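Bear in mind that the values in this text are calculations on the coordinates, not laboratory data. Every value quoted in this text rests on a predicted model; they were computed, and no experiment measured them. Glycine also receives a Cβ, built like all others from the backbone with ideal geometry; neighbour counts cover every protein chain displayed.
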Amino acid sequence: MTYDVIVVGGSYSGLAAALQVARSRRNVLVVDAGERRNRFAETSHGFLTQDGSSAVQIAHVGREQLLAYPNVTWVDARAENAEGILDAFTVSTSSGADYKGRRLILATGVTDILPIIPGLRERWGKSVFHCPYCHGYEAGGGDIGVLATSSLSAHQALMLADWGNTKLFVNNMFEPSDDQLAALAARNVTLDYGTIAAISGEEAQPIVEFSDGRALSLTGLFTLSRTVVTGPLPQQLKCALEDGPLGTFIQTDASKLTSVPGVYACGDTALMAGSVSFAVGDGARAGVFSTSIANISQPNALIYIGCVSVRACR
C-alpha cells in the first residue's frame, strides 16, 4: 500500500497535521517513537481550552480522536531512514518494516541540549524551564532565576522581569556588555557572577547551589537549551536546514514545504521557537498544504481554496 501522506512524529504538530490529512479523506500513516519534547512536564499552559491540562493527556486525547478516522494508520516505531522523490517516498522503521508514501511530513521535533550542571536535567520541565509564556505565570511573581548559557540569556532575563523578581546567573558563560547591563538595570534585573555547583530542591522550589557554599531558593529557574533536529531523516532527504539563535531547524516556506519537493516539516523541528499552541497551528498548516497541493497543476501559482491559500508544488 502507498499512503497519501506519511507523518513522522506523533506529538502535537504531527497529530494536528495527520488530522487535517485524515479529514481530507486521504490515507495517512503516523510513525511515532513516543518521545514528545515536553514529556518531562506534567502540565501544559497557554493552549486554548487546555490551559493547565496534563501534557500527556492532551497528546492521548489527540491520538484517540485521530484514530477514530478509518483512513488513519498508526505505527509505534522509530523512523530510521527515508528516501525517494515526490510521489515515491519510502520510510524504514526500527521494527524492520518499510512504508511507502506520496508525501512526507516531518514532525520529529528537536532535542534539547542542556547545561551540564548536577541536578538540572532531573528538574527539566518540573522546576527548570525555558519558556516564560509556558511557565512564568506559575512563579507567582516571586524570585526567578535565569541560568546563562550565552549572551542571549540577557534577553531571556529581560523578558522574565515581567513575571517576577529576576536574577541572572552569569556562571562564567559570557561577559555582559555595557548596553546589556544598562538594559538589565532598567528592568530591575540583578546579576550574580558566582559559579553554580548544582541545582537541588523540590519541584516547586528549585535551589541554586554555588561553589562558594551559598544557596538561593527560587520560585522558578529558566535557561536556554541548545536544540538540534531530532533524527537523521532531514539529512537523508537532503532538506535544507537553518541556524537559529538557539539551534538548527528545518527550512520551510509559508506552506511548510521544505527544500525537497513533497517533503513538509512542522512543529519545533521547523520553528525557531515553539510551544504546544505553535506546534498545533504549524501542524495544521502542514497537513492542509500537503493534501491541497496534491491535485493542483499550476506550478508556483498561489491559489485560494476556501479558507486557505495554497501554493503549488515546486
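See the values below:
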quantity: Candidate lysines for bridging to Lys167, where Cα separation is under 20 Å - those fewer than 8 sequence places away on the same chain excluded; calculated: Lys126
quantity: Sequence-distant aspartates and glutamates (8 or more away, or on other chains) whose Cα lies within less than 17 Å of Lys100; calculated: Asp4, Asp32, Asp76, Glu80, Glu83, Asp87
quantity: CD proxy at 222 nm, helix term only [per DSSP H run n ≥ 4: -39500 (n - 2.57); per residue of the chain; nearest 500]; calculated: -6500 deg cm²/dmol
quantity: Cα centroid separation, the stretch 173-203 to the stretch 151-168 (Å); calculated: 8 Å
quantity: Distance from the stretch 216-273 to the stretch 25-55 (C-alpha centre basis), Å; calculated: 17 Å
quantity: Entry for mean projected area of the Cα convex hull in nm² (calculated from the structure that is shown) out of (1) 17.3; (2) 19.7; (3) 20.6; calculated: (1)
quantity: Nearest-ten-degree value, helix 276-292 long axis tilted from longest Cα axis of the chain; calculated: 20 degrees
quantity: Burial order of peptide ranges 69-77, 131-139, 47-55, 6-14 (average beta-carbon count within 10 Å, highest first); calculated: 6-14, 131-139, 69-77, 47-55
quantity: Relative contact order of the chain, defined on C-alpha pairs under 8 angstrom at six or more residues apart (%); calculated: 20 percent
quantity: Sites matching chymotrypsin sites (Phe, Trp or Tyr not before Pro) across the stretch 187-283 that sit in DSSP coil, with at most 13 neighbouring C-beta atoms within 10 Å; calculated: Tyr193
quantity: Asn172 paired with His60, simple spin-label distance in nm, labels 7 Å along Cα-to-beta-carbon; calculated: 4.5 nm
quantity: Local net charge near Arg37, Cβ-Cβ under 9 Å (Lys/Arg +1, Asp/Glu -1); calculated: -1
quantity: Nearest-20 debye value, the chain charge dipole, Cβ charges on Lys, Arg, Asp, Glu; calculated: 1160 debye
quantity: Loop-located trypsin sites (Lys or Arg not before Pro) in the stretch 1-93 whose Cβ has at most 13 other Cβ within 10 Å (DSSP); calculated: Arg25, Arg39
quantity: Charged-residue dipole, Cβ positions (Lys, Arg, Asp, Glu), the stretch 108-182 about Cα centre, Debye nearest 20; calculated: 300 debye
